[in-house]
Amino acid sequence: TNFKSLGLVTVMCGDGTNDVGALKHADVGVAIISNAPEVKPEKKELERKEKEKSDKKMAILQEFREINQKRTLQERQKLLEEKLKELQEDTMVKLGDASIASPFTSKYSSVKCVCSIIRQGRCTLVTTLQMFKILALNALIIAYCQSALYLDGVKFSDGQATLQGLLLAGCFLFISRSKPLDKLSKTRPHANIFNLYTISTVLLQFAVHLYTIIRLVDAVHAIEPRKASIDLDAEFSPTLLNTIVYIVSVTLQLNTFIINYRGHPYMESLRENKPLCYSAIFTAVFMTILTFGLMPDVSSEFSLLIPPDHLKQEVFTTLLLDTGLTLVFDRMLLWLCGDAKLKPIN
């Protein structure tokens, strides 16, 4: 109660009926099972116990077969129920009264489980915060790209929209499957999205992305001037503006995943998260192929044109600079104000 009155988050561990009140009153209650091992057994110990259980099951089955012919049906059913109940008692965890009042129950009698809860909670919190950043940046990028196309009466084809969704869906899926690290960090993440780091990095990253889009759209207009009359209801036809804006849009959205993935010290790094890493590499390589027109058949399949040579170089260089600048800005802000401060206890 004293800690909660100071505005601190409290954790209570208990194993009996006398702890129920404190477990309910705490912000996080953890029930500890009595007569359980303090730590998780070693792999060899687990294998030994599994072998003992398996041998015991086989022995019970053999015993049941031997006496099966000498018993009546009711006696066999009663014997089978007794043996099954004996097996269940050996394998099932016996929960205490404290488990009823607690949202978490530990299979071990040590309070080390609290560290696991904190690590899992921080990983979930950081994943949620970075998803908010990614969604905010992607929404701003898509909105401006669509407006740039609308002003010229151009739009994405169905195939382009489908490809974009498939390439980015993998990133969204794998970024949410990040696992926490085994070691608890001394630092702590921000508790909500309304903090100096999140707001500053989103604004600075979008400013860089906006400059990139405007610069490349102007480069396209220098080659293909804007039409005098625009028909918004016309059938889709491939244009150079559509091709460049599409490549830029997908690449910038991919950048938001790579730049805003937090990693250490709360979760796996980008290299350790293999599915996300491979998905990002595949998308980046595929966008490079489309930029330089290395596979004309694939480009034509998605209604994309092959840009002129000088425009290829400008697009590739500009996107590389965009990635480098956003990475530098984000890491600087992360170093300055990326972690939350501990409240002093008076």
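The values are calculated or read from the model by the stated rules, or taken from the named source; none is laboratory data. Note that the coordinates shown come from a computational prediction; the quantities given were computed from them, not determined experimentally. Reconstructed Cβ throughout: ideal geometry from the backbone, glycine too, with neighbour counts over all protein chains shown. We work out accessible area using only protein heavy atoms, side chains counted, and drop any ligands, DNA or RNA first. Shrake-Rupley method; radii C 1.70, N 1.55, O 1.52, S 1.80 Å.
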Counting other Cβ atoms within 10 Å of each Cβ, which trypsin sites (Lys or Arg not before Pro) in the stretch 178-269 have at most 13 and sit in a DSSP loop? K183, K186, R226, K227
Rounded to the nearest 0.05, what FRET efficiency do R271 and Q120 have when you use their Cβ-Cβ distance and R0 = 22 Å? 0.55
How much area per residue is accessible in the stretch 192-256 when the probe is 1.4 Å and only protein heavy atoms are counted (Å²)? 48 Å²
Any chance you could run the full-extension gain for R188 through S34? It's 0.36 nm times the residue separation minus the Cα-Cα distance, nm to one decimal. 52.3 nm
Once both labels are modelled 7 Å past Cα along the beta-carbon direction, what's the M295-H221 spacing in nm? 3.4 nm
So if I take the centroid of the Cα atoms in the stretch 282-346 and the same for the stretch 200-279, what is the distance between those two points in Å? 7 Å
M267's amide H: which non-local residues (gap 5+, or another chain) put their own amide H closer than 5 Å, with H modeled 1.01 Å from N in plane and none for Pro or chain starts? L181
For the stretch 228-243, 3J(HN,Hα) per residue [Karplus equation, 6.51 cos²θ - 1.76 cosθ + 1.60, θ = phi - 60°, Hz, x = Gly/Pro]: 6, 10, 10, 10, 6, 9, 5, 5, 5, 9, x, 9, 5, 5, 4, 5
What figure in square angstrom, to the nearest 10, would you give for the accessible area of S109 with a 1.4 Å probe? 40 Å²
Within the accessible area of the stretch 132-225, what % is carbon and sulfur when the probe is 1.4 Å and the other protein chains stay in place? 67 percent
What nm distance separates the two modelled labels at F172 and L210, each placed 7 Å from Cα along Cα→Cβ? 2.5 nm
Estimated FRET transfer efficiency when R0 is 56 angstrom, pair T1-T317 (beta carbons, to 0.05): 0.35
What's the local net charge at S147, with K and R +1, D and E -1, over the other residues with C-beta under 15 Å away? 0
Length-normalised contact order of the stretch 180-288, Cα under 8 Å, at least 6 apart, in percent, tallies to 37 percent
So who's got an amide H within less than 5 Å of the one on T105, skipping anything under 5 residues away but keeping other chains? H placed 1.01 Å off N, in plane. A31
Extending each Cα 7 Å along its Cβ direction at L336 and Y150, get the distance between those two points in nm, one decimal. 3.4 nm
Other residues with Cβ under 10 Å from the Cβ of P180 give, with Lys and Arg +1 and Asp and Glu -1, a net charge of +2
